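So the structure is just underneath, and the comments pick up after that.
The values are calculated or read from the model by the stated rules, or taken from the named source; none is laboratory data. Owing to the predicted nature of the structure, the values given are computational and were not obtained by experimental measurement. Backbone-built Cβ (ideal geometry, glycine too); neighbour counts: all protein chains shown. Surface areas here come from the heavy atoms of the whole protein model, side chains and all, with no ligands, DNA or RNA. Shrake-Rupley method; radii C 1.70, N 1.55, O 1.52, S 1.80 Å.
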Amino acid sequence: MPAIRERSAPRTPQHRTASGPPGDSPRRRSPRPARGYWPYVLIAPAIGGMLYLLAYPLLRAVLISLQDFRLRQLIAGDAQFVGLRNYRTLLSDPRFWEVVARTFAFMAVNVVLIMTISTLVALMTERLAKAGRTVVLCALVLAWAMPVVAATTVFQWLFHSEFGVVNWLLTSLGFDSFDRYPWFADGGAAFAILVVLIVWQSVPFAAITLYSALTTVPSELYESARMDGASGPRIFRSVTFPMLRPIFVLVFSLEVIWTFKAFVQIWVMTRGGPGDATTILPVYAVQTALSSQRYDLGSAASMLTVVLMSGVLVLYFRQMFRQEDDPR
């Protein structure tokens, strides 16, 4: 009988790789060398600088708020620990609570206007042609790049009682009562001018951020909503806002912080006047520390400002997370 030769199955590259040529042992990967502490050494200067510039002033302010720290203690350095006495002094002062109420009113008006105008500007920019969109974005960037003190000085010139453009324009339109009108001597007018200034400075950043987020929303979602007969406001509520909720939360949080600490504009323009019409918590803290050399009360007012601002953000975040967790 003829011999029957059995053909063995051809060996695949996987088989050859697994078995390897005869006489060769499988290679073992050598363990990666330990990195050691070099990454931590490299980032240590940055972390140290951040702690020195941020953490140390905060801890120092907390310590001063718990001491009897006035001009004498600033020079001699023998401040005594008084516990929460400075906080009790502030919380029992009616003027402090008036400033707190004014601060929250100032924050609410500014944040509502900033978020509304920024959203409208972002939606408008998305719908413009390329040339119009470029013009709007360039204008926003230029307004955003203007220094705070320079912008505040320009607004002071605009509303100057004798040489201001606003009084000249209103008088030219027939409003003779605004001839040499002292804007900064009227508490309500000064408050409104500061609101306009803060909104004007804040809208560019918020509008550019929201516009950048709008460009990430898929156009298919808008087309599907329009095919279902949804109107513009309905599309914004059901499509745009849910998609951009994290960005809205971020912008809202930043604007709360920005308006809560709006010190430079108020100090340069009105120094909290006339009276206390434009005094908010940061201005109140500086006035308390500088006018009567009560650095302890000024530090306590600053710490209470941080606590109140954090409380507003925590409440807002809780409300947003609760809405996300609710079943729809």
Query raised in the report: Relative contact order, percent, of the chain when contacts are C-alpha pairs under 8 Å separated by at least 6 residues?
Result: 24
**Report entry** Among [x] 96, 74, 36; [y] 85, 57, 36; [z] 126, 66, 41, the entry derived from the coordinates for Cα extents along the principal axes in Å
**Finding:** [z]
Report summary line: Distance in nm between A131 and R85 label points, each 7 Å along Cα→Cβ, equals 7.2
Query raised in the report: For L169, L142, what's the largest-to-smallest order of accessible area, 1.4 Å probe?
Result: L142, L169
Query - Mean Cα-pair separation over length for the stretch 33-170, i.e. relative contact order, pairs under 8 Å, 6 or more apart, % - result: 8
Requested in this report: Tally up the carbon and sulfur contribution to the accessible surface of the chain as a whole percent, 1.4 Å probe, everything protein left in place.
Outcome: 66
Query raised in the report: Full extension from R322 to C138: what is 0.36 nm times the residue separation minus their Cα-Cα distance, to one decimal in nm?
Result: 62.4 nm
Requested in this report: Provide the per residue accessible area, probe 1.4 Å, for the stretch 35-127, rounded to a whole number of square angstrom.
Outcome: 67
Query raised in the report: So if we plug the beta-carbon distance of A44 and L170 into 1/(1 + (r/R0)^6) with R0 = 51 Å, what FRET efficiency do we get, rounded to 0.05?
Result: 0.30
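Largest first and in whole Å, give the semi-axes of the stretch 126-279's equivalent ellipsoid, each being the square root of 5 times a Cα gyration tensor eigenvalue.
So the three semi-axes of the stretch 126-279 are 38, 19, 15 Å.
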Query raised in the report: Given the options G49, G273, G164, which has the most mean-square fluctuation in a GNM of the chain, springs set between C-alpha atoms less than 10 angstrom apart?
Result: G49
Report task. Determine how large the accessible area of D176 is when every protein chain is in place; take a 1.4 Å probe and give Å² rounded to the nearest 10. Result -> 110
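Of M115, M146, which has the most accessible area with a 1.4 Å probe, and how do the rest follow in descending order? Kindly include the intermediate steps, with their values, before the conclusion.
Working: M115 30, M146 80 Å².
In descending accessible area the options line up as M146, M115.
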Query raised in the report: Ignoring ligands and nucleic acids, what accessible area does T270 show with a 1.4 Å probe (Å², nearest 10)?
Result: 20
**Report entry** the stretch 75-85 - phi-based ³J(HN,Hα) in whole Hz, Karplus 6.51/-1.76/1.60, Gly and Pro as x
**Finding:** 8, 7, x, 10, 5, 9, 7, 10, x, 8, 4
Query raised in the report: Per residue, how much accessible area does the stretch 185-308 show when a 1.4 Å probe rolls over the protein heavy atoms, in square angstrom?
Result: 41
Report task. Please build a GNM for the chain, connecting alpha carbons under 10 Å apart, and tell me which residue among P204, P274, P282 fluctuates the most. Result -> P274
Query raised in the report: To the nearest 10 square angstrom, what accessible area does E220 show with a 1.4 Å probe?
Result: 110
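With a Förster radius of 30 Å, plug the Cβ-Cβ distance of L54 and A150 into 1/(1 + (r/R0)^6) and report the FRET value to the nearest 0.05.
FRET efficiency, L54 to A150: 0.70.
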